[in-house]
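Inspection log for the structure reproduced underneath, given as structure tokens.
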Amino acid sequence: MRINRHTAALALTAVLVAGGAAYGLHTVSDHRSSGASPADNEVTDTASEFLSAWQAGDLDKAARLTTDPNQAVTELRAYRDQTGAASLTLAPEPATQATVPFRVAARLNYLGTKATWNYTAKLFVVDDPAAGGPRVSWHSSVIHPSLPDGGGYTLQAFTQSGAPITTDRHGTPLTAHTRPGLTQILSQLQDRYAGQGQQALGIRLSAAGDGGGGRVVATLGRGTKAQIRTGLDATTQKAVDTAAARYPGASVVVIRPSTGDVLAAHTTGVDFDPTLEGVQAPGQIFELVTAAALLEQGAITPSTPVGCPAQASYGGRTFTDPGGFTAQNALFSEVFAHACDTGYIRLADELTGQDLASEARDVFGLGRDWHTGITTADGAVPELHGSDLAAAAVGQGEVRLNTLNLASLTATIQNGSFKQPLFTDPDTIGKGIAHAARPLSDHVADELRSLMRAYGDTAGIGAAAFGGVADQFTDSDQPITGWFTAYRGDLAVAVTAPEPTHQPKTAEDVVRAVLGAIG
């Protein structure tokens, strides 16, 4: 809507912060000029009365002291409402004939951002016999010298701050250009936490139809960019990006087990990304959880004879081992080393659905509500029975994981207790982190670490490790996914990658490359 001298209302394009309350009243100096016109003291008296009424928030009275009360009250209200002016101090300067300059100190509160706007304007007093005496000649420039007459313009407050800066744990800036594997993660962090910077208040001259993009007439204060400090490590991230770039489709997560901080991640950027938000049946890699549950139940030890036949049946369903290893009298340590599905199927009677679901949730934190700082899927292991339980024990059926979940599983084994993964600190996130009900028992943690070290030694990877594959088993058109994980020192690495065969070779190569680059 345009402002003109025949319009009784004005469309407000900013929030009314002042809420219609009167401006604070301050004493206005009564400067007088012996040469004032139209009469000796009428210029200063009229100017003082007008400014006092405007300052006090009595805009109707102030408008009646002008030559165009209707237009004046419309524009004075628009100024108050659109700028968020909570109070004014208006101090006249000495008059020069019929002209009275005055200083304005407008205390603004716009959408919670406060500032004081200081500037100088001027008014003209004319003799108006029809109104019964001197009046302020109404022009839009009485409000601010940049406001043109003729309508169509408003003074509008706005807030601004710079684009957020995302840094690693040491303060090193992170960008999608320098760390391409973080593209999706950085976008989420900046969208969520950009508002934590300090906003600067500005005033612009806005014309009807310009979308609020008019000329800036004042900038009040300086906005600061939000700095989002993450737990990521720029050096580790560079190593991960370099390693993953050689293996299209590979997803990587590196976690510090002692804290849960995510040090690096590489997302694939395809429609289905298993790294953080996607989930799928993980296949053999889930046997880490199954082994922990069996060991904690006392059903087996690493030296228990289990066997790894070519086939095993449970609940009317027949399972085979995708790796092809068979050994009739294999010990559990060998079943673990070869990720032998049929060996675990033979042990299905040793666990209830509650045992497996509880181990996943209460020890490894899967299925709890993780608040990592970005959107993540946090795993799912429902309580199952019969052949569904057997399928879950080898990571098939309704079990769901992603690369982040796998890194967290490995970190829990290394540390002995679950630490929820974090991309930034809980204070920034504004929500409490998830906790597991209990840690791994010491002897089970030691046994799992020993089994993973043996696996890593066999693979020649120089770290405690474990790997496996997952496919749909019933649909040859579905791709095989390799899962591989390892820990060394206070680092846990997990990788998922497309595989051409039923071996986690590509995923293993990425883990090897990441560990080699990190040193």
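Below is a table of values for the structure above.
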read-out	value
Cut-off under 5 Å, modelled amide H: who pairs with Phe319 long-range	Ala312, Ser313, Tyr314
Listed residue (Ala293, Ala47, Gly379) projecting farthest to the positive dipole end of the chain, Cβ model	Ala47
Only Lys, Arg (+1) and Asp, Glu (-1) charged, at Cβ; segment 396-519 dipole about Cα centre in debye	300
Distant alpha-carbon pairs in the chain (separation over 43 angstrom), percent	44
Net charge, Ala53 excluded, C-beta distance under 11 Å - Lys, Arg +1, Asp, Glu -1	-1
Relative contact order of the chain, defined on C-alpha pairs under 8 angstrom at six or more residues apart (%)	11
Proximal lysines to Lys505, defined as alpha-carbon separation beneath 30 angstrom and excluding residues fewer than eight positions away on the same chain	Lys238, Lys419
CD proxy at 222 nm, helix term only [per DSSP H run n ≥ 4: -39500 (n - 2.57); per residue of the chain; nearest 500]	-8000 deg cm²/dmol
Carbon plus sulfur fraction of accessible area for the chain, probe 1.4 Å, in percent	47
Within straight-line cross-link reach of Lys122, lysines at Cα separation under 22 Å, skipping those fewer than 8 residues along the same chain	Lys61
With Cα atoms, 0 to 90° folded angle of helix 69-83 axis to the chain main axis	30
The chain: angle of helix 403-415 to the longest principal axis, Cα-based, in degrees nearest 10	70
Per residue, in Å², the accessible surface of the chain once ligands and nucleic acids are set aside, probe 1.4 Å	41
For segment 286-412, convex hull of alpha carbons as volume per residue, Å³	97
Net dipole in debye of the chain [+1 Lys, Arg Cβ; -1 Asp, Glu Cβ; about Cα centre; nearest 20]	1820
Segment His435-Gln297, extension gain: residue separation times 0.36 nm, minus the distance between their alpha carbons	47.5 nm
Helix 234-245 vs. the chain, principal-axis angle (Cα, 0 to 90°, nearest 10)	60
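The values are calculated or read from the model by the stated rules, or taken from the named source; none is laboratory data. Just so you know, these numbers come straight off a predicted model, no measurement behind them. Every residue, glycine as well, gets a Cβ built from its backbone with ideal geometry; the counts of neighbours run over all protein chains shown. All accessible areas refer to the heavy atoms of the entire protein, side chains included, with ligands and DNA or RNA removed. Shrake-Rupley method; radii C 1.70, N 1.55, O 1.52, S 1.80 Å.
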